[in-house]
Amino acid sequence: MKKLLFVAMCLMAVVACKQEVQQPVVPDGGQNDSLQRIIEQKDNEINDLVGTLYEIQEGFREINEAEKRVSVAKSGERADQAQQIRENIQFIADRMAKNRELIQKLQKQLSEGTVKSDQLQKTIEGLMEQLESKNLELQQPRADLDAKDIHISALDETIADLNTDVKQLKEESSQKSEVISDQDAQLNTAWYVFGTKKELKDQGILIDNKVLQGNFNKNYFTKIDIRNTKEVKLYSKSVRMLTMHPSSSYTLTQDSNKQYVLRITNPQIFWSTSKYLVVLVK
């Protein structure tokens, strides 16, 4: 039950992420179409991830039920006891193999999709540990069958495959965790700069009233993590945004000194059109 609650919490986190993406509405037609396609893509990916997680958890539930049936059969004295054990262990072997494939599928969905989640990666690692634990539990029923000279070739093959694949899955998970961490950092990195017209021209950021054309000085920008930086003080009483960002995703307000402060109310939408922010100040 604890494992079920753990997966459920992960699903809630993913769905919450989905809802956050869907909230804003961008007034510009072209931008809205583009953002809608991004939202639909994430919706589809999230639905696929949730569906795979549910299928894996259902598999573990069925395995637990089959294990209970094996225990009952072992304690009985009916003539068909061996046959019951054989059928249920065969079912367990088949379902474990299926869960192994689903966990591999889930890893592929996470690594190749646009939805990145550390919590989901931890859930995958937990599922692999659960799979390995079940693999160890399966050793005893197999020993009981061997003692009764009852052999299930598919069971022997499944256990051998699980021993190999669980180790491989752990190695792949470790590698993918590093990749996801790097990708996550890149996806949440942005740069901003504010300056006078002369300053921006000197750095190649503003040329012939066009912004970010040609080779501009990237070192002049401040690098930020968009998850943490929600406010930029512009230290000027006159500002103009030169890069395009949906107006519904930010506000420009003046502080007690009448100097403007940019507050980003929806980072995902604000940075969806450009990872560079350029503000002209006087």
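By how many nm would the segment from residue 98 to residue 213 grow when fully extended, if each residue of separation counts as 0.36 nm and the alpha-carbon distance is taken off?
The span from residue 98 to residue 213 would gain 36.1 nm if fully extended.
Please work out how much length the chain gains when fully extended from residue 202 to residue 231, using 0.36 nm per residue of separation minus the C-alpha to C-alpha distance, in nm with one decimal. Spell out each step's value before the answer.
On the way: separation 29, 0.36 × 29 = 10.44 nm, distance 2.58 nm.
Difference between extended and current length: 7.9 nm.
Give, as a single signed number, the net charge of other residues whose beta carbon lies under 12 Å from the beta carbon of residue 282, with Lys and Arg counted +1 and Asp and Glu -1.
Result for the neighbourhood of residue 282: +3.
In what sequence, largest accessible area first, do 241, 128 appear using a 1.4 Å probe? Intermediate results must be reported in sequence, preceding the final value.
Numbers: 241 40, 128 5 Å².
Solvent-accessible surface, decreasing: 241, 128.
Report the extension gain between residue 50 and residue 108 in nm, rounded to one decimal, defined as 0.36 nm multiplied by the number of residues separating them, less their alpha carbon distance.
19.5 nm
The values are calculated or read from the model by the stated rules, or taken from the named source; none is laboratory data. As the structure is a prediction and not an experimental result, all values here were calculated from the model. We place every Cβ from the backbone using ideal geometry, glycine too, and count neighbours over all the protein chains shown. Remember, those area values only see protein heavy atoms, side chains included, never the ligands or the DNA or RNA. Shrake-Rupley method; radii C 1.70, N 1.55, O 1.52, S 1.80 Å.
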